[in-house]
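Undergrad: Mind having a look at this structure? Questions to follow.
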C-alpha cells in the first residue's frame, strides 16, 4: 500500500510541476528535479522522506 501511494504522490507532484511550468514559469521544473532526485536517492538508500511522513499518518507497509 505504501509503495503504491508513494508512486502516486510522486506522479502527482511531477504532473503539477509540469503544469505550473507550462502556465507560469520554467523555474517550477526545479520541483520536478527535486522529486526525481528524491526517487533516485531512495533507490540507493531505501529511505524516502515521504515514506516517513506516510508512516506518521498511519499508512501500513503492506
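No lab work stands behind these numbers, since they all come straight from the coordinates. The shown structure was predicted, so the numbers you read here are calculated from the model rather than taken from an experiment. Positions of Cβ are generated from backbone atoms using ideal geometry, with glycine treated the same way; all protein chains shown enter the neighbour counts.
Undergrad: What pairs come out if I take residues in the range 38-62 that are touching a residue at least 60 places away in the same chain (Cβ under 8 Å) and pair them with residues that are part of a helix (DSSP H, G or I) whose C-beta lies under 8 Å away, six or more apart or interchain?
TA: 61/2; 62/2
Undergrad: Quickly run through the range 10-32 and pick out the residues that are under 10 Å from the mean Cα position of the chain (by Cα) and surrounded by 13 or more Cβ atoms within 10 Å (Cβ to Cβ).
TA: 10, 13, 14, 31, 32
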